[in-house]
Amino acid sequence: MQKFESEKELVLACLKYKPAAQRALYDQYVQAMYNTVYRYTCNHHDTQDILQNGFTRVFKYLKNYNDEKGGLLTWIRKIHIRCALDFLKKNQNCFENIGDTPALLVISPVAYENLEAEYILELIEGLNPRDRAIFNLHQIEGYSHEEIADLLSININSSRVYLARAKKILREKITAYQAQLSFVQ
Amino acid sequence: MKNLSDKFDRLPQEFDREAIWEGIKKPKRQSNYSFYLWGIFLCISSAALFFLFNHSNNIIPKHEEPSTTKQVKAPEIKTLFKAQEEEQNALVESSSPQKSDDAPAVVPSGRTNKKSGAEKNAIAGTSPGETGIDLFEKITRAEPQDKANHPKAHPGTFLSKDTEYEIEALPSLSIYLNSSEEKTWSIQNEKITVERKGTRQSLAFRATIGTHFSDFSSSGKEEPALRNDLEKPQLDFGLSFRYEYILRQNFMLSASAGYHLYKDKIATAQIRKSGNQFERVDYKLYNHYHVFSGQVELGKRFYQRAFFWDVQGGVGLKFHQVSELNYFVSEKELASMEQVKNAYQNSADVFFTTQAAIGKHFGNRYFIRTGSQINAGIDLTSPQAVNRHRIIPINIFVELGMRF
């Protein structure tokens, strides 16, 4: 397989419609994108559909990619996240505005860093699609509530509530898991 | 958070890479579809011309030896031979010296009299026995007399005996060959004269397809507002009527009026900031220019055997009517409709035009012509301070016309 020295070279080759470059780009990023999209769908079949759509968009709009504004991985991930959110919206997982629920908003941070990725993924799978999407966007991708609100056409408070709800569920699960672990030990 | 994201990226999830890859629509090098359209257009035009060359009937009769050998059927030739042998035997038996000295009638151009003895005698009101033409010696005997009487004639035009017999099987051909060369020529000359006198004028309907160059230029000190590089021309279409008058020495004067639709596409993007988020907005905008034009041209026509060539040049006037306008003043700002429209909407251009075409007459009245045309214009109406926009079209056309 042809190797490309840099990201820029890879992009330029893809822009020249070189099949080897397109394949190289796909191989380089497909695993990360699969994992990213799977966090939103928790379904392998849907993830594959979204990846096909996502990479089609990547190749189509690659000419618009500007390396000064960010890395290629970030740009590709952004496209795939949008595809995943579009998919969720299409499948009647509409993100609704929720009124203030101050009790939910006061949640202490969860120490995810100490947990294994597989375990976190397992925990995320237990969330409902809306909570899961906002948890992913905020806690893993690093989007702000303003950006999430723009992306999902909801208000900022709703985003916060969704996140708080997800965190609460996760916290309960983690606590239960840790209790189970200590009991076993 | 980044660590968490990285952790997830490295998760070894199992999935069918190849199945996903197969489902991705990979962009391929886009072929220039306009190139193919042009190709198809040219192919159709060529096919039409080829068809016309092969199937149209010329007004002027051709001076060609009619091909006869292939048209005569074998049984007819055999019957002919039999009749001739019988006739010859009868002649030998009668052996009239007067008749044996008769020279056969010969067409001045060198064509021999193709009529059988029986036919010839029937025309002359005499019996075969009275004429007594020896068909086998007819050609050789006719040759010196033919040369002496008709300087145009030459021995090369004489037919072999076999061909002679075959030709004789066609009565209509015999009649044609009996007519004198002078008579044929005079008819032809008359036809040519009539044709030229009667068909000096023509009216044609033209369909064009092509593309154009857009040229924005600023005569003022300010930066060019309307950007050349954003506007990409697309295929243009046009319809026009054309009147032509053939002058002396095949010079011609023509006047035409028509409508053209020129289209441009602008494909670009803007980065907008809303809150903390940057949003990219892609634009695909289209500009449509409706152009009404009139032009006068002077040209020269060159006739070849089967077709004619035209070379023309002239001047014209065209009026732009803009139905849709979208422009970026800079890369970030989209100009308002009115701002741009004022620049050149309803503007008028004087243009110089030149065209080359090849055509073919078919029937007595109709002709088809195809060729290419290029125009270069000068904007007349835009104020000096405003950016000017010119369209320089290049197109190919197909024209159907009628002479009268």
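Readers should treat all values here as calculations from the given coordinates under stated rules, not as data from a laboratory. What you are looking at is a predicted structure, and each value in this text was computed from that prediction instead of being measured. Virtual Cβ from ideal backbone geometry, glycine too; neighbours counted across all protein chains shown.
Note on B:12-25: average number of Cβ atoms from other chains within 10 Å of each residue's Cβ is 6. Estimate the FRET efficiency between B:L203 and B:A267 by the formula 1/(1 + (r/R0)^6), using the beta-carbon distance for r and 41 Å for R0, to the nearest 0.05. Efficiency for this residue pair is about 0.50.
Per-residue ellipticity at 222 nm, computed for chain A from helices alone with -39500 (n - 2.57) per DSSP H run of at least four residues, works out to -22000 deg cm²/dmol.
Ordered by the count of other Cβ atoms within 10 Å of each Cβ, fewest first, A:H80, A:H138, A:H45 give A:H45, A:H138, A:H80.
Packing around the peptides B:199-206, B:369-376, taken as the average count of other Cβ atoms within 10 Å per residue, puts them in this order, highest first: B:369-376, B:199-206.
Taking the Kirkwood radius as Rh and the Cα radius of gyration as Rg, segment A:128-185 has a ratio of Rg/Rh equal to 1.15.
Footprinting exposure proxy ranking of B:R10, A:R165, fewest other C-beta atoms within 10 angstrom first, gives B:R10, A:R165.
When the inverse distances between all different Cα atoms of chain A are averaged and flipped, the Kirkwood radius reads 18.0 angstrom. Peptide A:26-38 is shielded by partner chain Cβ atoms: per residue, an average of 4 of them sit within 10 Å of its Cβ.
Report the FRET efficiency, 1/(1 + (r/R0)^6), for B:Y283 and B:L400, where r is their Cβ-Cβ distance and R0 is 30 Å, rounded to 0.05.
Values: r = 41 Å, r/R0 = 1.36.
Plugging the Cβ-Cβ distance into 1/(1 + (r/R0)^6) gives 0.15.
For chain A, the longest principal axis of the Cα atoms and the long axis of helix A:156-184 meet at an angle of about 70 degrees.
Which residue, A:K89, A:K60, A:K168, tops the fluctuation ranking in a GNM of chain A built on C-alpha contacts under 10 Å? Among A:K89, A:K60, A:K168, the largest mean-square fluctuation in the Gaussian network model of chain A belongs to A:K60. Which residue fluctuates most in the GNM of chain A (Cα springs below 10 Å): A:Q52, A:Q31, A:Q22? Checking each option, the largest mean-square fluctuation is seen for A:Q31. The mean number of Cβ atoms from other chains found within 10 Å of a Cβ in peptide A:52-58 is 4, as a whole number.
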